[in-house]
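Read through the structure below, which is laid out as structure tokens, and then see the notes.
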């Protein structure tokens, strides 16, 4: 039995296909679970992931980076690539991202609490380049807090960098809720270290997926695309704090 299993693994490795996909930083917390679930259905496929801000990944794709699929943090960037005739499909929404207010220190958190003197520095993703930063700025503006808090902001170039700042370099921050379900963040408790930010305070962060022309000759990209939009992957994304259909 063991020899048979080894032979099967050898055959799979000999026939393995590798695909390269570009993934927005906020999905970094869920991507390993997605890859593992996909691997069960497609053991012959190795999924290689490049993480980054959606804006920077879009620039790489425009410059010929070898990605066959793009999972963006919003719809703007995949739509721009579609308009540039660099995609094989029109962008569709695969999940809706959400925001959370986080601090390593246990306390009663709310957006209003960011005015307190204990919050000297606040991590926020760059609103100019990061969709989650734009949403955070919208939430603060709608709450009437943005201008007052602006001098406290420490900007991350991506939502993952913003999380790092919130944990190590600032007194708290507005982060992707999905990050709080990662193994490293599970020690922090809802209601003590973090609270969800009311989704009515910011426009929905509709995250887009698109197939790119680079991968047209490799059908496995379509398999991963279909998987992300399927029931199993949608359940995983929901477990990581996303809103799904």
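Laboratory data are not the source of any read-out in this text; all were calculated from the coordinates shown. It should be emphasised that the depicted structure is a prediction, and the values quoted were computed from it without experimental measurement. FYI the Cβ positions are ideal-geometry reconstructions off the backbone, even for glycines, and counts take in every protein chain you see.
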**Request:** Work out, step by step, the length gained on full extension between residue 83 and residue 141: first 0.36 nm times the residue separation, then minus their alpha carbon distance; give nm to one decimal.
**Result:** 17.8 nm
**Request:** Sticking with the crude label model, points 7 Å out along Cα→Cβ, report the distance from residue 115 to residue 199 in nm, one decimal please.
**Result:** 2.8 nm
**Message:** Run the helix sum for the chain: -39,500 (n - 2.57) per DSSP H stretch of 4+ residues, divided by residue count, reported at 222 nm to the nearest 500 deg cm²/dmol.
**Reply:** -10500 deg cm²/dmol
**Prompt:** In percent, how large is the relative contact order of the chain, given Cα pairs closer than 8 Å and 6 or more residues apart?
**Reply:** 29 percent
**Request:** Any chance you could check the Cα centroid distance between region 146-172 and region 51-73 for me, in angstrom?
**Result:** 24 Å
**Two-decimal ratio, region 99-196, of alpha-carbon radius of gyration to 2.2 N^0.38 Å** = 0.95
**Message:** Taking a virtual spin label 7 Å from the Cα of residue 244 along the C-beta vector, which residues in region 216-237 bring their backbone nitrogen under 12 Å of it?
**Reply:** 227-237
